[in-house]
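What follows draws every value from the coordinates through simple rules; no lab data is involved. A quick note: this is a predicted structure, and the numbers were derived from the prediction, not measured. Cβ atoms come from the backbone with ideal geometry, glycine included; neighbour counts cover every protein chain shown.
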């Protein structure tokens, strides 16, 4: 979907315009498993281009007696590996070069200077090329063609570790481990093409420059008066239909009135329009400060709920770190995350991810949904928020990247239950993990982002490519 159209259009009118087929327009009809919504999705989702990656095959000329063997057909091996990479990494445009010595490696780096990164595939040894590419200043995935490039791979990897270079090394007989690491360049490219809408009145000095420096993403600021203008111009009739849609698909509605939910729908339409105007892939706003002070009259919890369900990104509390983290995971997994204020229970060896908003499509926009309850916001009992009853018995990965220190944290767990507790935020998902270790290692603020699935290895590799120091907070740091 190229973007979101703003304004009211019923499903009947949509089908009339499209000639009876939704595929005739770029607008995507909202519905899916829940069905019967007379609405068109408003959430903006902007496509990203392919990453450009230099694929460098490192080997000495054939005819030399060394590993893998004297008369190894390097060209045939490189052609085969290139075809496999192109088949499994369709988000990447590979520019292929061969390099037989360090000078040739330096020439390739200079020639391909504007690429997003390099893959150096060691199909031979003793060229000096891997070390040259590792010091290119670009993110690098170094791959060992087992029994062919192993000696130079191991030696270069020791240098990578000592010098903390942005290089991920893959030495595996399973090609899926190679393609999984290489596909991370698609995440890096997507972040470079990303725009974040930051709705704040008190801007943090230097935040736009820091996000640009670290991830290449743009940050566009919107203040509360501008947001209020979008809200006032939102279509009340369509907002009422969104409210009825959310109500009809909820397991129940507890505290909020329909009027409050309509306000939330108007906020959703306002934020969609603001994102569309800014061509933004994510929005985060100072929701608590603005609502408590009366600068906005509706919480964005249901808006974030809808956006994250639709494959976009809505983040609480003007938290740029969590916004960047959730965007990285969206581009990596195709799944939404949700921000939480975790609570640790060492007696049960659990961590509880608590917040007043979540998605209810943990496996992505086309995945299975779970029940949700529409609630008031927990801290003040006002407005409308979401208590999502997320699946149990599932692996989850929880993480956070800090753009200022270039550090990250990650842990994994298995979900156990949705906690029914009147205190604190509405959504409270518990997961079994090494709770004591997380308590002992806790750092970097309170917020974390949780995504369904075990993505620990990819998260650590992505952090390496960005030059982040990563702490596995559920493991001993001794």
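Is the stretch 51-188 best put as rounded, prolate or oblate by its Cα gyration tensor, with a ≥ b ≥ c the root eigenvalues, rounded for a/c under 1.5, and otherwise prolate when a/b is larger than b/c, oblate when not? Verdict is rounded for the stretch 51-188. With Cα atoms as the point set, the radius of gyration and Dmax of the stretch 402-446 evaluate to 13.2, 36 Å. Label zone of residue 101 (point 7 Å out along Cα→Cβ, amide N under 18 Å): in the stretch 53-94 this covers 57-66.
Computed from the C-beta positions of residue 177 and residue 254, the FRET efficiency with R₀ = 35 Å rounds to 0.15. Hydrodynamic analysis of the stretch 417-477 uses the Kirkwood radius over alpha carbon pairs. Inserted into Stokes-Einstein at 37 °C and 0.692 mPa s, it gives a translational diffusion coefficient of 237 µm²/s.
If you wrap the Cα atoms of the stretch 260-381 in a convex hull and average its projected area over all directions, you get 8.6 nm². Put in line by how crowded their Cβ is, counting other Cβ atoms within 10 Å and starting with the fewest, 417, 348, 176, 335 read 176, 348, 417, 335.
Length, then width, then depth: along the principal axes, the Cα atoms of the chain run 79, 59, 42 Å. Beta bridges from DSSP with both residues in the stretch 193-472: antiparallel share about 65 percent, rounded to the nearest 5.
For the stretch 63-104, the Cα gyration tensor yields ellipsoid semi-axes of 24, 14, 7 Å (square root of five times each eigenvalue, largest first, whole Å). Neighbour counts of C-beta atoms inside 10 Å place 179, 229 in the sequence 229, 179, starting with the fewest.
Panel note: the C-alpha atoms of the stretch 193-472, placed on their principal axes, show extents of 48, 42, 34 Å (largest first). Distance distribution P(r), the stretch 354-438, all Cα-Cα pairs, bin width 10 angstrom from 0: 16, 39, 34, 10 percent. Computed from Cα atoms, the angle from the helix 320-333 axis to the main principal axis of the chain rounds to 70 degrees.
Extension gain, residue 295 to residue 349, is 15.3 nm, computed as 0.36 nm per intervening residue step minus the present C-alpha separation.
Looking only at the chain, where both bridge partners belong to it, what percent of the DSSP beta bridges are antiparallel (to the nearest 5)? DSSP beta bridges in the chain are roughly 45 percent antiparallel.
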